[in-house]
1. I'm trying to understand the selection: among the residues of segment 106-150, which are away from ligand 2 (no atom under 16 Å from the Cβ), open to solvent by 70 Å² or more (accessible area, probe 1.4 Å) and either within 20 Å of GLY37 (Cβ to Cβ) or free of Cβ contacts under 8 Å to residues at least 12 places away in the same chain (or both)?
2. Restricting to segment 18-30, what's the tally of residues that are under 16 Å from GLU74 (Cβ atoms) and either open to solvent by less than 30 Å² (accessible area, probe 1.4 Å) or more than 16 Å from ligand 1 (Cβ to nearest atom) (or both)?
3. Given the conditions (1) in contact with an Asp or Glu (Cβ under 7 Å, 6 or more places away or on another chain); (2) open to solvent by 50 Å² or more (accessible area, probe 1.4 Å); (3) of a type in the set (A, V, I, L, M, F, W, C), which single one is not true for MET4?
4. Checking ALA57 against (1) within 16 Å of ligand 2 (Cβ to nearest atom); (2) open to solvent by less than 50 Å² (accessible area, probe 1.4 Å), which single condition isn't satisfied?
5. Given the criterion within 16 Å of ligand 1 (Cβ to nearest atom) and not in a strand (DSSP E or B), identify the matching residue among ALA40, ALA15, ALA54, ALA87.
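The values are calculated or read from the model by the stated rules, or taken from the named source; none is laboratory data. Because the structure is predicted, anything quoted here is derived from the model rather than measured. Here Cβ is always computed from backbone atoms with ideal geometry, including for glycine, and neighbour counts include all displayed protein chains. Side chains included, ligands, DNA and RNA excluded: accessible areas come from the protein's heavy atoms. Shrake-Rupley method; radii C 1.70, N 1.55, O 1.52, S 1.80 Å.
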Amino acid sequence: MLRMTINGQPFETDAQPDTPLLWVLREHLGLTGTKFGCGAGMCGACTVHIDGEATFACQISLAEVTDAKITTIEGLSETGDHPLQKAWIAEQTPQCGYCQSGQIMRAAALLANNPTPSRDEITEWMQTNICRCGTYPRIIRAIERAATES
Ligand code: FES
Ligand code: FES
């Protein structure tokens, strides 16, 4: 039995240890805010926090997250009012929306470690997460807004 904490709740599973975390989040727990994009560590749609670190959930196995604290977009804020979520609304950031939970989770890890990043630091940090709709300018503005207003 593998144990971990997901969005503050204890979770046990008898899934195979090599199962990617993303599968368990979406298929076992119904936490579908974390998206399956490429499944190959190339897009960032599946970004969650593992012990506070932005991590691709498609690329990490259950065995690697045993006893870890995992946070998904559903657990970022109890009421959906994390400064980034408010800034995302204010800047009308999403287009199709598919990449955006991963973008927010990656941005949240940045602001947790660097509350006032420069534009260059934001651009550098966010470049692992792809947006096929090209919302990058709005993503950057939203992160800057959240950094200013939080
Ligand atoms: S789905 Fe995980 S990086 Fe693309
Ligand atoms: S908003 Fe469509 S992929 Fe980013």
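1. ASN113, ASP120, GLU121, GLU124, TRP125, THR148
2. Residues meeting the conditions: 7.
3. (2)
4. ALA57 satisfies every listed condition except (1).
5. ALA40
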